[in-house]
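What follows is a short report on a single structure.
The values are calculated or read from the model by the stated rules, or taken from the named source; none is laboratory data. Just so it is clear, the structure is predicted and the values come from calculations on it, not from any experiment. Note: ideal-geometry Cβ built from the backbone for every residue, glycine included; neighbour counts use all protein chains shown.
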Amino acid sequence: MLQQIRESFNDWTKYTDLRFREVIGTETADFNLTFVFGEHGDGAPFDDTKSGQLGHAFFPWQRNRGEIHFHATENWTDK
């Protein structure tokens, strides 16, 4: 799954002015990408079923965070 995520970010750079790089160690990231379910601390919980809601995101300036949350209960595939 990690390779597919990297490929997606590479695709976004082809069509936008955005640039991405993976941070290492103690570097501070502009946003974090996580797979979560249920209540996960942002006030927008996912249910614990396959609901069709695949994810949501917050810009770095929203509530002092930049986050991308994918619904961990969904079936993720590269096919």
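Of the residues contained in the stretch 67-79, one or more are found to be in contact with a helix residue (DSSP H, G or I) (Cβ under 6 Å, 6 or more places away or on another chain), loosely packed, with under 10 Cβ neighbours inside 10 Å and not β-branched (Val, Ile, Thr). Taking the stretch 4-31 as the range and being within 21 Å of ASP78 (Cα to Cα) and either at pLDDT below 85 or touching a strand residue (DSSP E or B) at 6+ places or on another chain (Cβ under 8 Å) (or both) as the test, only ILE5 passes. Considering every residue within the stretch 15-34, establish whether at least one is part of a loop (DSSP other than H, G, I, E, B) and in contact with an Asp or Glu (Cβ under 8 Å, 6 or more places away or on another chain). Yes, that holds for at least one residue.
The combined condition, being in a loop (DSSP other than H, G, I, E, B) and of a type in the set (D, E, K, R), is not fulfilled by GLU67.
All of PHE31, PHE37 fail the test of being in contact with a Ser or Thr (Cβ under 6 Å, 6 or more places away or on another chain), touching a residue at least 12 places away in the same chain (Cβ under 8 Å), at negative phi and not β-branched (Val, Ile, Thr), apart from PHE37. Residues in the stretch 12-21 that are under 15 Å from the mean Cα position of the chain (by Cα) and surrounded by 10 or more Cβ atoms within 10 Å (Cβ to Cβ): TRP12, PHE20.
Across the stretch 35-64, the qualifying residues are those that are in a strand (DSSP E or B) and more than 10 Å from the chain's Cα centre (by Cα), and the one among them that is surrounded by the fewest Cβ atoms within 10 Å (Cβ to Cβ) is TRP61.
Which of the residues belonging to the stretch 25-34 are surrounded by fewer than 11 Cβ atoms within 10 Å (Cβ to Cβ) and among the β-branched types (Val, Ile, Thr)? Passing the criteria: THR26, THR28.
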